[in-house]
């Protein structure tokens, strides 16, 4: 999970709606359903997230699965934050086409659904345990295993922080078979190109820049896994070319 730095306010219409926030879950659902400027808000969210899913770091647009606007604190639990831009993020999948496509591709297996549409996240969330993508230290909770494609609690965490990581991984279904497969494939792709550059004496610095830096405002999928793969070279690359991302 990559920490998201909020930028801007989400636009005039969102700000106007937030000036008189909903007070009940029913009000939140009704008013959000009728809010006609979601596209404008989503564009701003994607720009500040470099088009990565806020929870999984997957790029659903690359597979035609799209995004939805996620309420990090569910609007049913905190209706007053329904139009609060600091509570919003872009998550895979599009609520209609993308979600249906993923299910169809995987025989309607609910275990494939992840992120904001995961069944755990759509239920009541324990905010004392949930690691939010808006926490500046959220990357410190997770580690990625290239060989299996799994995400696990990072070694060396306290018992309390390990519990938070485990809870969040399960809640968001970050180890769905779909995500594990995509992470494993990406890790293999990184290794193939890395080995080729070593064998042919090509520049690893240039390769790291291609894999780690935004291109047209978009990052490659699974940024945190990629950052770990490159190790010290990743940190050098980011410090030199994208210090705001360090």
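Each value in this text was obtained by applying a stated rule to the coordinates, not by laboratory testing. Note that the structure is a prediction, hence the values are computed from the model and not measured. Cβ atoms come from the backbone with ideal geometry, glycine included; neighbour counts cover every protein chain shown.
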In the stretch 202-225, anything in contact (Cβ under 8 Å) with a residue 24 or more places away in the chain and not in a loop (DSSP other than H, G, I, E, B) is listed as 204, 205, 208, 209, 212, 218, 223, 224, 225
Scanning the stretch 121-166 residue by residue, the ones that are in contact with a helix residue (DSSP H, G or I) (Cβ under 9 Å, 6 or more places away or on another chain), surrounded by 15 or more Cβ atoms within 10 Å (Cβ to Cβ) and assigned to a helix (DSSP H, G or I) total 9
The residue that is nearest to residue 242 (Cα to Cα), considering only those in the stretch 47-60 that are surrounded by 19 or more Cβ atoms within 10 Å (Cβ to Cβ) and without any contact (Cβ under 8 Å) to a residue 60 or more places away in the chain, is 49
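For the stretch 16-33, name all the residues that are assigned to a helix (DSSP H, G or I) and either more than 12 Å from residue 83 (Cα to Cα) or touching a residue at least 24 places away in the same chain (Cβ under 8 Å) (or both).
17, 18, 25, 26, 27, 28, 29, 30, 31, 32, listed by residue number.
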Restricted to the stretch 92-120 and to residues being assigned to a loop (DSSP other than H, G, I, E, B), within 19 Å of the chain's Cα centre (by Cα) and in contact (Cβ under 8 Å) with a residue 40 or more places away in the chain, the residue surrounded by the most Cβ atoms within 10 Å (Cβ to Cβ) is 114
Within the stretch 169-201, restricting to residues that are closer than 16 Å to residue 92 by Cα, in contact with a helix residue (DSSP H, G or I) (Cβ under 8 Å, 6 or more places away or on another chain) and touching a residue at least 40 places away in the same chain (Cβ under 8 Å), the one that is surrounded by the most Cβ atoms within 10 Å (Cβ to Cβ) is 172
If we ask which residues in the stretch 41-91 are within 21 Å of residue 223 (Cβ to Cβ) and in a helix (DSSP H, G or I), their number turns out to be 12
Open item on the list: Quick check on residue 228: is it in contact (Cβ under 8 Å) with a residue 24 or more places away in the chain, surrounded by fewer than 19 Cβ atoms within 10 Å (Cβ to Cβ) and either in a helix (DSSP H, G or I) or in contact with a helix residue (DSSP H, G or I) (Cβ under 6 Å, 6 or more places away or on another chain) (or both)?
Closed with: yes
When the stretch 1-46 is checked residue by residue, the ones that are surrounded by fewer than 13 Cβ atoms within 10 Å (Cβ to Cβ) and either under 28 Å from residue 144 (Cβ atoms) or touching a strand residue (DSSP E or B) at 6+ places or on another chain (Cβ under 6 Å) (or both) are 5, 7
